[in-house]
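Undergrad: Shown below is the structure under consideration.
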Amino acid sequence: MSLINKIVLAALRPLLDDFDYSLSHPVETQEKTFRTLLSSGKDTSFGKEHGFASIGSYGDFTGKVPVRDYNGFVPYIERMRKGEDNVLWNEKVKWFAKSSGTSSDRSKYLPVSPSSLKGCHFRGFKTMLATYIRRYPDSGIFTGKALTLGGSVKADGMSAGGVRNGDLSAILLYNSPGIVETVRTPSRETATLPDFGEKLDRICRECSGKNVTNFSGVPSWNLIMIEKLIEYNNAAYLTDIWPNIELFMHGGISFEPYRQRYRELIPSDRMHYLENYNASEGYFALQDDPQDKAMALTLDNGVFFEFIPMQSIESVLAGTSDDIVPIEGVRPGQTYAVVISTNSGLWRYLIGDCVEFTSTYPHKIIITGRTQLYINAFGEELMIHNAEKALSEACRECGVQVTDYTVAPIFMDSTHGKGAHQWIIEFAAGSPIYGNPEMAERFRDLVDSALCRCNSDYDAKRRSSITMAPPEIVPVPPGTFYRWMERRGRAGGQNKVPRLYNDRRYADEIMGMIVAKDSLNN
């Protein structure tokens, strides 16, 4: 182990010890977090309204504080954005992570407190790096630069008190410790540019000659960056530009549709890919073992977790069911909606993500999708993890890579006698599927058969094509999704393409954009 790795590991040893303890003592760790959060929140407006001072147990907490989605927090958050203190948390909150997620057009403004920055987001990243160095003691990650593809921030229009909002990635950049800035690239000014195209141009100029050893962010936007860098440098691979690259820490969307393309562009046996679950609301989990796709929950990170079985979400929100459990009540193989209480003052907040536990002791999860990210137009209950699995299988069998996609229902009408799913897919540039109807048809059949195997409801609706016709695959030109997101003002940062949607609002926008472009070309 190099001297620098020894120094870093020694500095991060307390975090590693806490992380290891939390994996073997999850209940005790979460109980401590629960008590700390209550103590900090009892004198806030929210804490006084909900009687935090008299809460003596988890049962008291669930009896006094109902589960809420974002709409239930809007009145409190608007007060905070106007500059009012001690509303949800006992610290001055000047940063709000602006997030639309993948299932709503409405912007959310999620508080990011000083405690959350230091004790949740940064703590989570440092823990992830510590687990990486422990696993790879000969790593050269600290001998070069870390590249961050950030979003942007701006002054909050609701407040004159210095409150700002923007992408979480940009908020983290603006608040990162000074020592981090010495090992990070590009410049903060470049990393937080709102224009994604200009940001890429400047990254090419600023970073091509740097010794970049690791990078992080959303897979789709980073793939665009990689391809731009390769084109700019007239290179064949990213390793031609950054020969010492060894780690990509990704999150936000599933990496599976992109994995093969990354391997092609970074042909290095030393390259590692690790997922981290760092949402606008907090840092929740990290992949500590590259051979295990599941992530370990960070139970000592200022977040108290609860979990609702998927079938009980509506009844829990309506207050007619208490089918919700803390960490000791979860079971492997069950899909749960995640509820959090955090050191930013979100109390029993339904974040909209769904997870499945692959194990307990240690408690490890995979993200299976969003509570609203599904298609159930015909009773088929297609969930995002079904779609990702089917897409990965079809890509592997056909030898193609997908750069982006979205799926929408095709409703029954005079033109379509039966319902179906339309898959609008952008394949990697030069993919053999373009202009090849036979391959597109094979790809469709592979997706269809994979979905039938992994989703019994879909299989029942597709059997003999009684209710649903085969899916329709629409290959769109490279760059389509980038242009669409840019048109919506959501290029770059943590913005995500909606993968599944239960109506055609996004699909029709994309198809209309393609038709308009074809008309201009003709």
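Undergrad: Would you say Ile179 is closer than 20 Å to His250 by Cα and either modelled with pLDDT under 90 or open to solvent by 50 Å² or more (accessible area, probe 1.4 Å) (or both)?
TA: Here the answer is no, as Ile179 does not meet what is asked.
Undergrad: Which of the residues spanning the range 353-396 are among the hydrophobic types (A, V, I, L, M, F, W, C), closer than 16 Å to Tyr277 by Cα and touching a Pro at 6+ places or on another chain (Cβ under 9 Å)?
TA: Matches in the range 353-396: Phe357 only.
Undergrad: For the range 461-471, name all the residues that are touching a residue at least 12 places away in the same chain (Cβ under 8 Å) and in a helix (DSSP H, G or I).
TA: Within the range 461-471, Lys461, Arg462, Ser465 meet the criteria.
Undergrad: Looking only at residues in the range 157-171 that are of a type outside the set (Gly, Ala, Ser) and surrounded by fewer than 22 Cβ atoms within 10 Å (Cβ to Cβ), which one is modelled with the lowest pLDDT?
TA: Among those residues, the one meeting the criterion is Met158.
Undergrad: Asn5 fails exactly one of the following numbered conditions: (1) assigned to a helix (DSSP H, G or I); (2) open to solvent by 30 Å² or more (accessible area, probe 1.4 Å); (3) at pLDDT below 95. What is the number of that condition?
TA: Evaluating Asn5 over (1) assigned to a helix (DSSP H, G or I); (2) open to solvent by 30 Å² or more (accessible area, probe 1.4 Å); (3) at pLDDT below 95 leaves (2) as the failure.
Undergrad: Now for a separate question. Hey, could you check the range 28-44 for residues that are surrounded by 14 or more Cβ atoms within 10 Å (Cβ to Cβ) and of a type outside the set (Ser, Thr, Tyr) and say which is farthest from Tyr361 (Cα to Cα)?
TA: Lys42
Undergrad: Let me ask something else about it. When you scan the range 91-106, do you find a residue that is open to solvent by 40 Å² or more (accessible area, probe 1.4 Å) and touching a Leu at 6+ places or on another chain (Cβ under 6 Å), even just one?
TA: No, the conditions are met nowhere in the range 91-106.
Undergrad: Considering only the range 225-236, state which residues are more than 15 Å from Thr148 (Cβ to Cβ) and either assigned to a helix (DSSP H, G or I) or free of Cβ contacts under 8 Å to residues at least 24 places away in the same chain (or both).
TA: If the condition is that a residue be more than 15 Å from Thr148 (Cβ to Cβ) and either assigned to a helix (DSSP H, G or I) or free of Cβ contacts under 8 Å to residues at least 24 places away in the same chain (or both), then Glu227, Lys228, Ile230, Glu231, Tyr232, Asn234, Ala235, Ala236 are the ones that fit.
Undergrad: Oh, and also: Mind telling me which of the residues Ser464, Ser449, Ser456 ends up being out of contact with any strand residue (DSSP E or B) (no Cβ under 7 Å at 6 or more places or on another chain), closer than 17 Å to Lys418 by Cα and polar (S, T, N, Q)?
TA: Residue meeting the stated conditions: Ser464.
Undergrad: Continuing with this model, one more query. If I ask for residues that are in a helix (DSSP H, G or I) and surrounded by 14 or more Cβ atoms within 10 Å (Cβ to Cβ), which ones from the range 45-63 would you list?
TA: Ser45, Phe46, Gly47, Phe52, Tyr58, Asp60, Phe61, Thr62
Undergrad: For Ala450, state whether it is crowded, with 16+ Cβ neighbours inside 10 Å, more than 19 Å from the chain's Cα centre (by Cα) and small (Gly, Ala, Ser).
TA: Yes.
Undergrad: Looking at Glu227, Glu246 in this structure, which one is at pLDDT below 95, over 17 Å from the mean Cα position of the chain (by Cα) and closer than 18 Å to Ser208 by Cα?
TA: Glu227
Undergrad: Using the structure shown, decide if Phe73 is hydrophobic (A, V, I, L, M, F, W, C), over 30 Å from Thr406 (Cβ atoms) and either open to solvent by 10 Å² or more (accessible area, probe 1.4 Å) or part of a helix (DSSP H, G or I) (or both).
TA: In short, no.
Undergrad: Would you list the strands (runs of 3 or more DSSP E) that sit entirely within the range 297-413 and hold 3 or more residues that are open to solvent by 20 Å² or more (accessible area, probe 1.4 Å)?
TA: 349-359, 364-370
Undergrad: Kindly establish whether Ser216 is within 30 Å of Asp138 (Cβ to Cβ) and hydroxyl-bearing (Ser, Thr, Tyr).
TA: yes
Undergrad: Quick one: Ser280 ticks every box in (1) open to solvent by 10 Å² or more (accessible area, probe 1.4 Å); (2) without any contact (Cβ under 8 Å) to a residue 40 or more places away in the chain bar one, so which box is it?
TA: The failed condition is (2).
Yes or no, residue by residue, for (1) over 26 Å from Glu198 (Cβ atoms); (2) outside any loop (DSSP other than H, G, I, E, B); (3) out of contact with any strand residue (DSSP E or B) (no Cβ under 9 Å at 6 or more places or on another chain):
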residue: Ile473; (1), (2), (3): yes, yes, no
residue: Phe481; (1), (2), (3): no, yes, no
residue: Ala491; (1), (2), (3): no, no, yes
residue: Pro498; (1), (2), (3): no, no, no
residue: Ala507; (1), (2), (3): yes, yes, no
residue: Met511; (1), (2), (3): yes, yes, no
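Undergrad: Taking only pairs six or more apart or across chains, which ones have beta-carbon atoms under 7 Å, a first residue in the range 25-44 that is in contact (Cβ under 8 Å) with a residue 12 or more places away in the chain and in a helix (DSSP H, G or I), and a second residue that is of a type in the set (Ser, Thr, Tyr) and buried (at least 19 other Cβ atoms within 10 Å of the Cβ)?
TA: As it stands, the answer is Thr29/Ser22; Leu37/Ser341, since those pairs meet every condition given.
Undergrad: Is there a residue in the range 257-276 that is open to solvent by 10 Å² or more (accessible area, probe 1.4 Å), closer than 30 Å to Ser341 by Cβ and free of Cβ contacts under 8 Å to residues at least 40 places away in the same chain?
TA: Yes; the residues of the range 257-276 include at least one that is open to solvent by 10 Å² or more (accessible area, probe 1.4 Å), closer than 30 Å to Ser341 by Cβ and free of Cβ contacts under 8 Å to residues at least 40 places away in the same chain.
Undergrad: A further question on this structure: What residue, of Gly41, Gly51, is within 19 Å of Leu350 (Cβ to Cβ), modelled with pLDDT of 95 or more and touching a helix residue (DSSP H, G or I) at 6+ places or on another chain (Cβ under 8 Å)?
TA: Among Gly41, Gly51, only Gly41 is within 19 Å of Leu350 (Cβ to Cβ), modelled with pLDDT of 95 or more and touching a helix residue (DSSP H, G or I) at 6+ places or on another chain (Cβ under 8 Å).
The values are calculated or read from the model by the stated rules, or taken from the named source; none is laboratory data. Please read all numbers here as calculations on a predicted model, not as lab measurements. Methodologically, a virtual Cβ is constructed for each residue, glycine included, from the backbone with ideal geometry; neighbour enumeration extends over all protein chains shown. Ligands, DNA and RNA are stripped out before the accessible areas are found, and what is left, the full protein with its side chains, is counted by its heavy atoms. Shrake-Rupley method; radii C 1.70, N 1.55, O 1.52, S 1.80 Å.
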